[in-house]
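The values are calculated or read from the model by the stated rules, or taken from the named source; none is laboratory data. On a predicted model such as this, the values are computed, not experimentally measured, just so you know. When we count neighbours, we look across all protein chains shown, and the Cβ atoms used for this are built from the backbone with ideal geometry, even at glycine.
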Amino acid sequence: MIDRAAKLDAEDPLAERRDLFAIADDVAYLDGNSLGPLPKATRARLGEVVDKEWGEDLIASWNTADWIHLPQRIGAKIAPLIGARPYEVIAADSVSVNIFKLVSAALAMRPGRKVVLSEPGNFPTDLYMIQGLESQDLAEQRLAERGEIEAALDEDVAVLLLTHVHYKTGEMFDMAALTKAAHDAGALVLWDLSHSTGAVPVDLNGAGADFAVGCGYKYLNGGPGAPAFAYVAERHHEALRQPLSGWMGHAQPFAFTDDYAPAPGVDRLLCGTAPILSMSAMEEGVDLMAAIGIAPLVEKSRSLSEFTRAAMERHVPELECVSPENPARRGSQLSWRHEHAYELCQALIARKITGDFRAPDVLRVGFAPAYVRYADCARLVSELRDILDTGEWQKPEYAERGAVT
Ligand SMILES: Cc1ncc(COP(=O)(O)O)c(C=O)c1O
Ligand SMILES: Nc1c(O)cccc1C(=O)C[C@H](N)C(=O)O
């Protein structure tokens, strides 16, 4: 396994990209699906934005550094990674807030229908945002298990809200098929691409998707709490009305008029002033990924996860894999169930192998193809074997839980 990993690393066309990140050589970072690492270019960029653009040029930077168009510029760079046109994507707010805006907009486009359909076990914020709208009597949540979603699409459903790659299991929905099923039932579809963008093939235009949102701080390496992005298919641009009608989404923000008029296209999704420091950091992360392009990222992601799945099956068979076996049906991650998954995860972290734990009993690792090495994956498997064989996971400190797990 170790020799094979070394051979695959030697042949890896993306191998030298790891050097673009500030990750120590002895760290196997398998948690980029939760927080991407720091691109070295981000340090220099933030230095420039703080010292020159903000520190020296002050308010002029809205024009001279084009701060004002950062949300559109970043959106346009994300677009090719998700099969969208550049003017259909914008960076703004958080995934949660963008879900609120787009579910509200979609409900308004389907008068007489109130149901927002999703699945139980979806990422919590997606469901919580529906429940927030429900508490204002604006929506009605309906949950259907996978396999029963199509049957639950009736004439009351306004919006289908699904996460393309499941955060815990990595299971990936067939975007084109479910989008078609929703449209056949007269509903609109909002895809949460938080665990997809930059790691798996996504073709929003090809699938006929209506809306999408996604995270900036995972595979896009935008930094902790980086802005999210939102996609609106061009055919909906004219009709889209979202309730967070702040001045930055106005057609003429600097006309300072009393009445709201939405900006053209996705610009109307903006609400307040963009966080320029975070946006600047995000642009570096997105640039790095856009320079590689989605095809090599997807190819390496599948290869890394297949290498790891097979090695785990062989060397650590007592961990039950809960991710789909078919790489075309899962995201860029693998998860295993084990009674002591939390302690195993802590023991791995102590050995500088960072994955994460998802309650109640899942050990999860992500394969961010821009910097993960096959050697990191081989190390995960061999160290996990050792941690189990030696019983090291039973050390009392590995059972202690922080506020964030
Ligand atoms: C699928 C999914 N949706 C939404 C979020 C949350 O996004 P935000 O923190 O930007 O609201 C996450 C991760 O935090 C996620 O995994
Ligand atoms: N956004 C996070 C945070 O602020 C703290 C800890 C974790 C996160 C995450 O992103 C979790 C992640 N979405 C997940 O899939 O579990």
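Summary of computed values
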read-out	value
All positions within the range 182-227 that are among the β-branched types (Val, Ile, Thr) and either more than 15 Å from the chain's Cα centre (by Cα) or assigned to a helix (DSSP H, G or I) (or both)	VAL189
Any pair with Cβ under 9 angstrom, 6 or more apart, that starts in the range 18-43 at a residue that is assigned by TED's automatic domain parsing to the domain that holds CYS345 and in a helix (DSSP H, G or I) and ends at one that is surrounded by fewer than 18 Cβ atoms within 10 Å (Cβ to Cβ) and among the basic types (Lys, Arg)	ASP19/LYS40; LEU20/LYS40
Subset of the range 87-144 (residues that are away from ligand 1 (no atom under 11 Å from the Cβ), surrounded by 24 or more Cβ atoms within 10 Å (Cβ to Cβ) and β-branched (Val, Ile, Thr))	VAL89, ILE90, VAL103, VAL116, ILE130
So ALA311, is it under 26 Å from SER382 (Cα atoms) and buried (at least 19 other Cβ atoms within 10 Å of the Cβ)	yes
Residue that is farthest from GLY186 (Cα to Cα) [pool: residues in the range 86-142 that are in a loop (DSSP other than H, G, I, E, B), in contact (Cβ under 8 Å) with a residue 12 or more places away in the chain and not charged (D, E, K, R)]	SER94
Residues located in the range 205-230, provided they are buried (at least 24 other Cβ atoms within 10 Å of the Cβ) and away from ligand 1 (no atom under 13 Å from the Cβ)	ALA209, ASP210, PHE211, ASN221
ILE23 vs. criteria among the β-branched types (Val, Ile, Thr), buried (at least 16 other Cβ atoms within 10 Å of the Cβ) and either under 30 Å from ALA310 (Cβ atoms) or modelled with pLDDT of 95 or more (or both)	yes
All positions within the range 74-85 that are part of a helix (DSSP H, G or I), in contact with an Asp or Glu (Cβ under 7 Å, 6 or more places away or on another chain) and not β-branched (Val, Ile, Thr)	LYS77, ALA79
Filter result for GLY246 (more than 16 Å from ligand 1 (Cβ to nearest atom) and over 18 Å from the mean Cα position of the chain (by Cα))	yes
Residue list for the range 159-198, filter: within 15 Å of ligand 1 (Cβ to nearest atom) and among the acidic types (Asp, Glu)	GLU171, ASP192
